[in-house]
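Undergrad: First the structure, then my questions, so here it is.
The values are calculated or read from the model by the stated rules, or taken from the named source; none is laboratory data. Treat the numbers as computed from the prediction; the structure is a model and nothing was measured. Quick reminder, even Gly has a Cβ in these numbers, built from the backbone with ideal geometry, and neighbours come from all protein chains shown.
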Amino acid sequence: MAEHNFDVVILGGGSGGYAAALRSAQLGLSVALIERDKLGGTCLHRGCIPTKALLHSAEVADVTRDAAAYGVQATLQGIDMPAVNKYRDGIVDKLFKGLTGLVSSKAITLVAGDGRMVAPKTISVNGDNYTGKHVVLATGSFSKTLPGLEIGGRVITSEHALQLDFVPSKVIVLGGGVIGVEFASIWKSFGTDVTIIEGLPTLVPNEDASVSKAMERAFRKRGINFKTGVRFQGVQQSATGVVATLENGEQFDGELMLVAVGRGPNTAGLGYEENGIQMDRGYVLTNERLQTSVEGVYAAGDIVPGLQLAHRGFQQGIFIAEEIAGLRPAPIDELGIPKVTYSEPEIASVGLSESKAAETYGQDNISVYEYNLGGNGKSQILGTAGFVKLIRKNNGPIIGIHMIGSRVGEQIGEAQLIVNWEAFPEEVASLVHAHPTQNEALGEAHLALAGKPLHAHA
Ligand SMILES: Cc1cc2nc3c(=O)[nH]c(=O)nc-3n(C[C@H](O)[C@H](O)[C@H](O)COP(=O)(O)OP(=O)(O)OC[C@H]3O[C@@H](n4cnc5c(N)ncnc54)[C@H](O)[C@@H]3O)c2cc1C
């Protein structure tokens, strides 16, 4: 058994872990990065990137189907799923090569294998011990299921869904959150008959209520079926399909059922608790400086309670490295983390929803403005409906921005600067937004909220 010593030992090479490794190396710390599968983790191989590639193919299919509306003669003959997957895998492979090259160009020791915490500062891999002055836990998450609902056969998770080499004819999607609507959107564009089952009263229930409503409207228009507010009871599989039953007795059939009911922390059996790490239902608890209950042991990414997003993991990884290097970075404001739901249409939001803002400051102390994309030239050119919704503290800054419409995810950059820099609508209104862009809708919304609407009726 060999003993290895480093400044920083990182368990898990996904978004949180590799960001911590890269930043630590930049800061001159010696780093061991332990990964049992592929560098890049869920986001690169089974999450963000492959799904967005599929969504792009889906957009191409939609545009081709509607080509005549734009005066272009084209016919959608079908979806060649192996070819779609080849395109997707090409993107993932290229990014994987780039990331591998980046990590190997730095003073980072990449250790391949399954790691387990055997002492508070020591991770054992293949019988060797890696001891760090500091340890970062970043072991990520897995697709959850419901009690009694077994994954297998025609009941699949997002990991399996990404492996399909055919377009299913009819699918039930259990869960109307980010991952559920993403796959529902992809499949519908590819020609699948889709039904989403969501136990909460609306689709995308974590979004501002008016956005959830608009999403339902858009999905209804696209012919995506959904049933909300009724809980799922069980599913039966046969040789040809599945039948899902809800608690109210309603039944839905399909060729497959995707279970998209959230992701759980991957922490079981890794020795965390035995070594004094305080946990809650499998999540690793940290303070705002991402320090666990064991001094010198930090945690990043999906195992830390909060938004399970890659960019949160990146930022946490960077934060931890800087904290270890003694730079005393400012804590990450979870509320300022931008969120995008990728589907057709897209949802992008940052800050407080209207109901949260009203709860925090009182309804009388906030102002809300919704700018309809009907007034935005570029959105009309793209043929999308939707809006930009702003929430401000009266006589104060913007505290929430919520957008829905095709491609609005691309507008989240300015939105997050506005909220995180606590900009006043009057300040944003004085900045010039290029015409005709969808970004202009953000500018117009601020003009209106500042009392000087341009292309708006109110
Ligand atoms: C379908 C889907 C779509 C998504 N789309 C988006 C999106 O568009 N945008 C976004 O921001 N987020 C998205 N996410 C979420 C995003 O993928 C995660 O938030 C992110 O990957 C979390 O990073 P992480 O470092 O915590 O964990 P992971 O990326 O899961 O990395 C953890 C790594 O640790 C390794 N590991 C675990 N245990 C051990 C061990 N014992 N020894 C060695 N290695 C170990 C794993 O192999 C893995 O590589 C999506 C997720 C899914 C499933």
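Undergrad: Looking at segment 353-372, is at least one residue among the small types (Gly, Ala, Ser), part of a helix (DSSP H, G or I), out of contact with any strand residue (DSSP E or B) (no Cβ under 6 Å at 6 or more places or on another chain) and surrounded by 24 or more Cβ atoms within 10 Å (Cβ to Cβ)?
TA: No; the residues of segment 353-372 include none that is among the small types (Gly, Ala, Ser), part of a helix (DSSP H, G or I), out of contact with any strand residue (DSSP E or B) (no Cβ under 6 Å at 6 or more places or on another chain) and surrounded by 24 or more Cβ atoms within 10 Å (Cβ to Cβ).
Undergrad: Moving on to the next point. Say we look at segment 140-160 and pick out the residues that are within 17 Å of the chain's Cα centre (by Cα) and outside any strand (DSSP E or B); which of these is nearest to Leu29 (Cα to Cα)?
TA: Per the stated criteria, the residue is Gly140.
Undergrad: Kindly provide the set of residues from segment 162-187 that are within 13 Å of the ligand (Cβ to nearest atom), closer than 14 Å to Ser57 by Cβ and in a helix (DSSP H, G or I), ordered by number.
TA: Once the filter is applied, which keeps residues that are within 13 Å of the ligand (Cβ to nearest atom), closer than 14 Å to Ser57 by Cβ and in a helix (DSSP H, G or I), segment 162-187 yields Glu182, Phe183, Ser185, Ile186.
Undergrad: Within segment 246-261, does at least one residue satisfy the condition of being under 23 Å from the mean Cα position of the chain (by Cα) and in a loop (DSSP other than H, G, I, E, B)?
TA: The answer is yes; a qualifying residue exists.
Undergrad: Mind checking which residues of segment 300-328 are more than 8 Å from the ligand (Cβ to nearest atom) and on the phi > 0 side of the Ramachandran plot?
TA: Residues satisfying the conditions are Gly306, Gly326, Arg328.
Undergrad: Same structure, new question: Looking at (1) surrounded by fewer than 21 Cβ atoms within 10 Å (Cβ to Cβ); (2) more than 16 Å from the ligand (Cβ to nearest atom); (3) within 30 Å of Ala58 (Cβ to Cβ), which is the one condition that is false for Ile337?
TA: The failed condition is (2).
Undergrad: Still on this structure, I have one more. Among the residues of segment 331-352, how many are in a loop (DSSP other than H, G, I, E, B) and either in contact with a Leu (Cβ under 9 Å, 6 or more places away or on another chain) or within 22 Å of Tyr18 (Cβ to Cβ) (or both)?
TA: 8
Undergrad: For Leu203, which of the numbered conditions (1) within 30 Å of Pro305 (Cα to Cα); (2) surrounded by fewer than 16 Cβ atoms within 10 Å (Cβ to Cβ); (3) hydrophobic (A, V, I, L, M, F, W, C) fails to hold?
TA: (2)
Undergrad: If you scan segment 436-454, which residues turn out to be out of contact with any strand residue (DSSP E or B) (no Cβ under 9 Å at 6 or more places or on another chain) and under 18 Å from Gly409 (Cα atoms)?
TA: Of everything in segment 436-454, those that are out of contact with any strand residue (DSSP E or B) (no Cβ under 9 Å at 6 or more places or on another chain) and under 18 Å from Gly409 (Cα atoms) turn out to be Pro436, Thr437, Asn439, Glu440, Gly443.
Undergrad: While we're looking at this one, here's another question. Taking segment 1-19 as the region of interest, how many residues are part of a strand (DSSP E or B) and within 16 Å of the ligand (Cβ to nearest atom)?
TA: Residues in segment 1-19 being part of a strand (DSSP E or B) and within 16 Å of the ligand (Cβ to nearest atom): 6 in total.
Residue-by-condition table, conditions (1) exposed (fewer than 15 other Cβ atoms within 10 Å of the Cβ); (2) within 15 Å of the ligand (Cβ to nearest atom); (3) under 25 Å from the mean Cα position of the chain (by Cα); (4) in a helix (DSSP H, G or I):
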{"site": "Leu55", "(1), (2), (3), (4)": "no, yes, yes, yes"}
{"site": "Ala58", "(1), (2), (3), (4)": "no, yes, yes, yes"}
{"site": "Ala61", "(1), (2), (3), (4)": "no, no, yes, yes"}
{"site": "Gln77", "(1), (2), (3), (4)": "yes, no, no, no"}
{"site": "Lys94", "(1), (2), (3), (4)": "yes, no, yes, yes"}
{"site": "Ser124", "(1), (2), (3), (4)": "no, yes, no, no"}
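Undergrad: Would you point out the residue of segment 291-318, among those that are more than 20 Å from the chain's Cα centre (by Cα) and buried (at least 22 other Cβ atoms within 10 Å of the Cβ), that is farthest from Gly409 (Cα to Cα)?
TA: Val297
Undergrad: So Thr131 ticks every box in (1) within 11 Å of the ligand (Cβ to nearest atom); (2) more than 30 Å from Phe226 (Cα to Cα); (3) buried (at least 16 other Cβ atoms within 10 Å of the Cβ) but one. Which box is left unticked?
TA: (1)
Undergrad: From the set of residues in segment 107-119 that are crowded, with 19+ Cβ neighbours inside 10 Å and more than 27 Å from the chain's Cα centre (by Cα), which is farthest from Gln26 (Cα to Cα)?
TA: Met117
Undergrad: If you go through segment 319-369 one residue at a time, how many are of a type in the set (Ser, Thr, Tyr) and under 22 Å from Val178 (Cβ atoms)?
TA: Adding up the residues that qualify gives 6.
Undergrad: Residues of segment 27-53 being of a type in the set (Gly, Ala, Ser), farther than 20 Å from Arg407 by Cα and more than 10 Å from the ligand (Cβ to nearest atom), which ones?
TA: The answer is Gly28, Ser30, Ala32.
Undergrad: Which residue pairs have Cβ atoms under 8 Å apart, sit 6 or more places apart or on different chains, and have a first residue in segment 51-65 that is within 13 Å of Val92 (Cβ to Cβ) and outside the structural domain of His160 (by TED's automatic domain parsing) and a second that is of a type in the set (Gly, Ala, Ser) and assigned to a helix (DSSP H, G or I)?
TA: What qualifies is Thr51/Ser158.
Undergrad: Hey, another quick one. Of everything in segment 359-380, what is within 16 Å of Ser212 (Cβ to Cβ) and of a type outside the set (D, E, K, R)? Give them in sequence order.
TA: Val368
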